[in-house]
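To start, the structure itself, in structure tokens.
The values are calculated or read from the model by the stated rules, or taken from the named source; none is laboratory data. Everything numeric here is computed off the predicted structure, so don't read it as measured data. Cβ coordinates were reconstructed from backbone atoms using ideal geometry, including for glycine residues, and neighbour counts include every protein chain displayed.
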Amino acid sequence: MDRTTDGPARTSPQRRDTRVVLTGTTLTVGELTALADGAAVPAVAPEARERAVRSWHAAQRLAAGGRLYGRGTGVGAHRSVAVEEDDEAAHGLRLLRSHAGGAGALLPARQVRAMLAVRANQLLAGGSGIQPAFVDALTEALRLGVHPAVNEYGGIGTGDLTALAQTGLTLIGERPWVTVGPTAPAAHPRPDDGTPDALADGAPDADLFDSAADAWRAGDRRGPGGGADRGGTAGRPDTSWRDARPDRSGTLPAPVVLRAGDALALLSSNALALGQAALAQGELDVLLRATHAVAALSLAAVSGSAEAYAAPVHALRPYPGAARAAGEVRRLLGIDDRASGAPGRRIQDPFGFRAFPQVHGCALDACERLRAVVEVEVNCPSENPLVTADGSTAYHHGGFFAAPLGLALDAANLALLQTAQLSAARLTALGDPRLTGLPGFLAAGPASSSGTMILEYSANSALAELRSCTAPASAGHAVLSHGLEEAASFAGQAARQTLRATDAYTTVLACELVAAVEALRLRPVPPEVTAFTAATAALPLGTDDRPLTADLTAAAELLPRLAEV
């Protein structure tokens, strides 16, 4: 599959006019993926921005009437340490700087763009109390094709603190923007809502940007204006992103002037984990739909029994996923609901064929559950404290604890392993002449030829990688901040595991597809089904003893097309 997770955001010039309207309440996984890939640009619904403006003004009123966590106080174990009113803005700057301690490799642009889209939409849901200029800057970055440099490690499923702190410092001009695509287009004008001093005057100067980037690399953390570092300069600067290429096009989001309360309001989210989970769910959905076609071809290749796919069987145990899996195989092979007129070679087949609906159905259900959780989380406020819609109060709560997301990801990973194991089992069956009546390993030429033998090794190697991704991340434990935060969901770790798992499953499924197509080609009368026609046109002919890497590459690239058959 063409994920390009370590390459540039995929921008299609033909689709640059495609817009995703951010309302704060209706963002889908598909729309989020389009924004991450650069296949669409964001637009902000006026009513959503007005909601964010009301939340900002409400937070200012509430803060004036009493201390709010993170604005009039420190954070974490310092929750009871008071912050003086005239120090609140400087406190926010110190908060961003101190929390921007991400570690590990830089994340691919696609994942960071997904995070930006999630955070913008969440802020438009209202409840954060942040100034709307941050929404403008986040959406502007998506439109311009630039993103902050964000390191992999730092979140534990209770807020992506380091990733969002690095983002915050970029938004206010202390860290440079990064671009891996072509020169960005001109910025779209912002609405004039009368917000005072919400953004720095004018567009940023390219030379000023270069000076800021160079200063940060040298350890001068005074910011682009060269002002005094009110947060202190102790410790080494974060230079882990120095190999990233900063944008020098001169077209960048204007730096936001940080105000009291903005810092924690920006940080209080699992936007990165949600963005990664959305991308993983989209890829998983494609693979699971492609699996119907691959499994159907394998069933035809071994002359398997269709009785296991009959609608009456699944009506008695009405799991949605199982019924869908069975129905898709029937549809793809042109079998009626009662599986009549389609006798198999055996009374019953191995589990890879006979139990496919039950096992694959669990993966379909888990994928759908993951989509539902992601779409709830990206369309609601999670900030702590949470400003109510009517602006009357602010609640301190634990809505940022990403237990639903972490558990949904873990369940998807485990379910994917089960269906991947059946794919590997079907691959073995396709090479067994006792089941197919064809030459062993579908080999052409002398009897000693190996044919597709090596595909079992490649598939099981990828399967081992997938299996390593299924240790539940939600079983992890952490006690942090002097014991105040004594649990974590580790949703971000689970999301990264799902991304790796989908990569591995792509290989497993591609191995099965190559073998299934070759087995059907060896049949006297290959099936006249759309999936086979598409596959045989895309895959190289023959299994004479030769490297099959090109076959697997072609099969992997074909999977998204088979998902649409």
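Kindly establish whether residue 263 is crowded, with 22+ Cβ neighbours inside 10 Å and either under 26 Å from the mean Cα position of the chain (by Cα) or polar (S, T, N, Q) (or both). The answer is yes for residue 263. Within segment 379-434, being touching a Gly at 6+ places or on another chain (Cβ under 7 Å), in contact (Cβ under 8 Å) with a residue 12 or more places away in the chain, assigned to a helix (DSSP H, G or I) and surrounded by fewer than 21 Cβ atoms within 10 Å (Cβ to Cβ) holds for one residue alone: 425.
Going by the conditions given, is residue 482 part of a loop (DSSP other than H, G, I, E, B), of a type outside the set (Gly, Ala, Ser), surrounded by fewer than 19 Cβ atoms within 10 Å (Cβ to Cβ) and within 30 Å of the chain's Cα centre (by Cα)?
Values: part of a loop (DSSP other than H, G, I, E, B): yes; of a type outside the set (Gly, Ala, Ser): yes; surrounded by fewer than 19 Cβ atoms within 10 Å (Cβ to Cβ): yes; within 30 Å of the chain's Cα centre (by Cα): no.
No.
Checked against the criterion of being more than 30 Å from residue 445 (Cβ to Cβ), assigned to a helix (DSSP H, G or I) and not assigned by TED's automatic domain parsing to the domain that holds residue 111, segment 504-527 has at least one qualifying residue. Going by the conditions given, is residue 155 touching a residue at least 40 places away in the same chain (Cβ under 8 Å), under 15 Å from residue 270 (Cβ atoms) and assigned by TED's automatic domain parsing to the domain that holds residue 253? Yes.
Take the conditions touching a Phe, Trp or Tyr at 6+ places or on another chain (Cβ under 7 Å) and modelled with pLDDT under 95 and apply them to residue 79. Does it pass? Considered against the rule, which asks whether it is touching a Phe, Trp or Tyr at 6+ places or on another chain (Cβ under 7 Å) and modelled with pLDDT under 95, residue 79 comes out as yes.
In segment 509-526, the residues that are of a type in the set (Asp, Glu) reach residues that are at pLDDT 95 or above with C-beta atoms within less than 7 angstrom, at least six apart or across chains, in these pairs: 512/294; 512/298; 512/423; 512/426; 512/427. Being in the same structural domain as residue 165 (by TED's automatic domain parsing) and more than 23 Å from residue 536 (Cα to Cα) is a description that does not apply to residue 282.
Filtered by the rule that a residue be of a type outside the set (Val, Ile, Thr) and either without any contact (Cβ under 8 Å) to a residue 12 or more places away in the chain or touching a helix residue (DSSP H, G or I) at 6+ places or on another chain (Cβ under 7 Å) (or both), segment 328-343 gives 328, 330, 331, 332, 333, 336, 337, 338, 339, 340, 341.
Quick check on segment 116-125. Is at least one of its residues among the polar types (S, T, N, Q), under 27 Å from the mean Cα position of the chain (by Cα), part of a loop (DSSP other than H, G, I, E, B) and crowded, with 22+ Cβ neighbours inside 10 Å?
Taking segment 116-125 and keeping what is among the polar types (S, T, N, Q), we get 121-122.
From the residues that got through so far, the ones that are under 27 Å from the mean Cα position of the chain (by Cα) too are 121-122.
Okay, now just the ones that are also part of a loop (DSSP other than H, G, I, E, B), so none.
Looking through segment 116-125, none of the residues is among the polar types (S, T, N, Q), under 27 Å from the mean Cα position of the chain (by Cα), part of a loop (DSSP other than H, G, I, E, B) and crowded, with 22+ Cβ neighbours inside 10 Å.
Checking each residue in segment 66-106 for being under 21 Å from residue 393 (Cβ atoms) and part of a loop (DSSP other than H, G, I, E, B) picks out 66, 67, 68, 69, 70, 71, 72, 75, 79, 80, 83.
Conditions (1) at pLDDT 95 or above; (2) under 22 Å from residue 435 (Cα atoms); (3) of a type outside the set (Val, Ile, Thr); (4) touching an Asp or Glu at 6+ places or on another chain (Cβ under 7 Å), marked per residue:
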{"position": "514", "(1), (2), (3), (4)": "yes, yes, no, yes"}
{"position": "517", "(1), (2), (3), (4)": "yes, yes, no, no"}
{"position": "524", "(1), (2), (3), (4)": "no, yes, yes, no"}
{"position": "527", "(1), (2), (3), (4)": "no, yes, yes, no"}
{"position": "533", "(1), (2), (3), (4)": "yes, no, no, no"}
{"position": "547", "(1), (2), (3), (4)": "no, no, yes, no"}
{"position": "556", "(1), (2), (3), (4)": "yes, no, yes, no"}
{"position": "561", "(1), (2), (3), (4)": "yes, no, yes, no"}
{"position": "564", "(1), (2), (3), (4)": "yes, no, yes, no"}
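For segment 425-436, the set of residues classified as over 39 Å from the mean Cα position of the chain (by Cα) and closer than 9 Å to residue 302 by Cβ consists of 435, 436, listed by residue number.
Of all the listed residues (53, 29), the sole one being modelled with pLDDT of 95 or more and over 22 Å from residue 147 (Cα atoms) is 53. Counting only residues that are within 15 Å of residue 123 (Cα to Cα) and outside any helix (DSSP H, G or I), segment 134-159 holds 1 of them.
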